[in-house]
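Have a look at the structure below before the remarks.
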Amino acid sequence: MENINICIAGLGNVGSALVQLIEKNAEFVKYKSDLKINIIGLSAKNKSKKRDFDISNYFWVDKPIRLLNIQGKKPNILVELIGYEKDISYELVKSALNQNINVVTGNKAMLAKYGNELFSIAEENKVLLLFEAAVAGGIPIIKTIKNNLFLNKINKISGILNGTTNYILTTMELEDKSFEDVLVDAKQKGFTSDHEAKLDIGGYDAAHKLTLLTSLAYGSEVDFELNEVEGIDKITIEDIKFAKQLGYKIKLISETSIIENTIYASTKPKLVSKENPIANTNGPLNAINVETDELKSLYLEGEGAGGFPTASSILSDIYEISNSTGYKSLGFTNSKLVKFKKFNSSNLESKYYLRIRAKEQPGVLSMITSYFNEANISIEKILQIPDNDSDSIPIVITTHKIISSELLSSVKKISDLDFILGYISLIPIEN
Ligand SMILES: NC(=O)c1ccc[n+]([C@@H]2O[C@H](COP(=O)([O-])OP(=O)(O)OC[C@H]3O[C@@H](n4cnc5c(N)ncnc54)[C@H](OP(=O)(O)O)[C@@H]3O)[C@@H](O)[C@H]2O)c1
């Protein structure tokens, strides 16, 4: 039986679930893995806060940094579940790695920003910095790429990496509610907080996760700047309904691939065909599709957040550390990581959905289509929907594939026309 001593910093949703999981499954873990996981120290902000387990069973320290030396003893693993992009999370993880202590974390914001530095400190000090919980909560995507698919050439990874935005988009459609109303509801249900909402809604949380997937898949340095990020705050219930009429759902899609030896890493809303399984990933679920030379499509769907699903990923990292003989936290050795350039996405070809609101007057449609004809933009479908409650009409257009910069220049000209009201909604359509 191997004893493994861990300390946990942060006892919120994930940290508390982890303590309970280790308590509940101690015998099962021993039986299956010959591992005895001992929690030798805990820390959070407020000792007197009510928790879902009995804190008096554990050694508590007020300052998380003191977890690195519990009564003269170094833990084998520090589990960081505080979640700041820098500050105490970064200081703690860096100190642990510098003292040859393995680290397990769910902190994608910190890794997307400081990953290069932290992964190389880990390797120099012959320890691991593992992060299964940081991407898609309970879905084992990191180990799938790092272990099972490591010798596959990955062509593309795409999917839904943020449960909150998926919950919002799904609920807007199912309950015919506005973005603002569903956001309030998502906060009440605990899917997001005021602070997290900015990262979730803005697409940044998904882009942090995509940054890590890009490194794992292509051996690129961890570089958040490679991402293009657009959130869901401009998606209206109108867009969701029109998309449905056209046979699509709107999803916040993150995707990464190599194009012309540069990285294309994008998180933005897209129209996805109803036939695509990703369109049917509903509520707070996440889904990821990996395409490789050898595997056309590997599709994983599951709980992308929540205390217990995420704690199960933390546990799998603890197990990996107990079994590991190497120190390649990212699969690659750090010296092999490559600094890639960012793909110039104005060259990207895609089909597009446009929603234009115009004053109801003769000639509007022919004027709009003449701009498309002039730029050789081929229109696939047009819906002109009467709106009895208003003296304006929505016009919905889908295009065939077009270089995005060419479309944008026509959209700019159309939006300057005096009969156009409000902004033109422009959303790419997933191929
Ligand atoms: N929640 C999820 O579903 C999920 C999924 C995937 C990844 N993650 C990641 O996992 C990490 C933890 O998430 P969470 O949802 O568990 O967060 P959380 O519920 O907000 O918990 C944060 C914990 O950190 C503690 N803390 C805050 N400031 C501190 C400080 N200055 N010193 C010491 N402790 C401090 C808090 O203490 P108090 O309890 O005393 O306030 C709390 O226990 C984050 O990096 C998150 O991105 C979470």
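Values as computed for the structure displayed
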read-out: Lysine pairs in the range 348-429 with Cα atoms under 20 Å, if 8 or more residues apart or on separate chains; value: 9
read-out: Backbone N within the range 416-431 under 14 Å of label point (7 Å from GLU228 Cα along the Cβ vector); value: 426-431
read-out: Two-site label geometry, VAL338 and SER409: point separation in nm, points 7 Å out along Cα→Cβ; value: 3.2 nm
read-out: From phi via Karplus (6.51, -1.76, 1.60), per-residue ³J(HN,Hα) for the range 353-361 in Hz, x at Gly/Pro; value: 10, 10, 10, 10, 10, 10, 4, 7, 8
read-out: Amide H contacts of PHE343 (H built 1.01 Å from N, under 5 Å, at least 5 apart or other chain); value: ILE263, TYR264, ALA265
read-out: Residues with amide H under 5 Å from that of GLY304, placed H, sequence gap 5 or more; value: GLY138, ASN286
read-out: Computed [θ] at 222 nm, helices only, for the chain once each DSSP H run of length n ≥ 4 contributes -39500 (n - 2.57); value: -10500 deg cm²/dmol
read-out: Euclidean distance of C-alpha centroids, the range 239-282 and the range 101-125, integer Å; value: 30 Å
read-out: DSSP-defined antiparallel bridges as percent of all bridges, the chain, nearest 5; value: 65 percent
read-out: Estimated FRET transfer efficiency when R0 is 56 angstrom, pair GLU196-GLN361 (beta carbons, to 0.05); value: 0.80
read-out: Table column - 3J(HN,Hα) (Hz), the range 392-401, Karplus curve with 6.51, -1.76, 1.60, x for Gly and Pro; value: 10, 10, x, 10, 10, 10, 10, 10, 6, 4
read-out: Centre separation in Å (Cα based) which lies between the range 165-226 and the range 22-83; value: 29 Å
read-out: In Hz, Karplus ³J(HN,Hα) per residue of the range 287-303 (6.51, -1.76, 1.60; θ = phi - 60°; x = Gly, Pro); value: 8, 9, 10, 10, 10, 10, 4, 8, 10, 4, 7, 10, 10, 10, 9, x, 6
read-out: Amide hydrogen neighbours beyond the local backbone of LYS351, cut-off 5 Å, H modeled; value: ILE402, ILE429
read-out: TYR319 paired with ILE379, simple spin-label distance in nm, labels 7 Å along Cα-to-beta-carbon; value: 5.6 nm
read-out: Listed residue pairs exceeding 24 Å between alpha carbons, taken from LYS108/LYS187; LYS274/LYS296; LYS47/LYS209; value: LYS47/LYS209
read-out: Ascending count of other beta-carbon atoms within 10 Å, so fewest first, for ILE427, ILE288; value: ILE427, ILE288
read-out: Highest-MSF residue in the chain out of ARG355, ARG51, ARG66 [GNM, Cα springs under 10 Å]; value: ARG51
read-out: Beta bridges per DSSP with both ends in the range 141-302, % antiparallel, nearest 5; value: 90 percent
read-out: Over 29 Å (Cα to Cα) - which of LYS36/LYS198; LYS198/LYS341; LYS50/LYS234; LYS156/LYS234 fall in this group; value: LYS36/LYS198; LYS50/LYS234
read-out: Pair ASN155, GLU180: separation of 7 Å Cα→Cβ label points (nm); value: 4.5 nm
read-out: Reachable aspartates and glutamates, given that their alpha-carbon falls under 16 Å from the alpha-carbon of LYS336 and they are not under 8 places away in the same chain; value: GLU117, GLU123, GLU124, GLU221, ASP223
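Only the coordinates and a few stated rules stand behind these numbers; no lab work does. The model shown is predicted, which means the values in this text are computed figures rather than measured ones. All Cβ positions, even for glycine, are placed from backbone atoms using ideal geometry, and neighbour counts span all protein chains on display.
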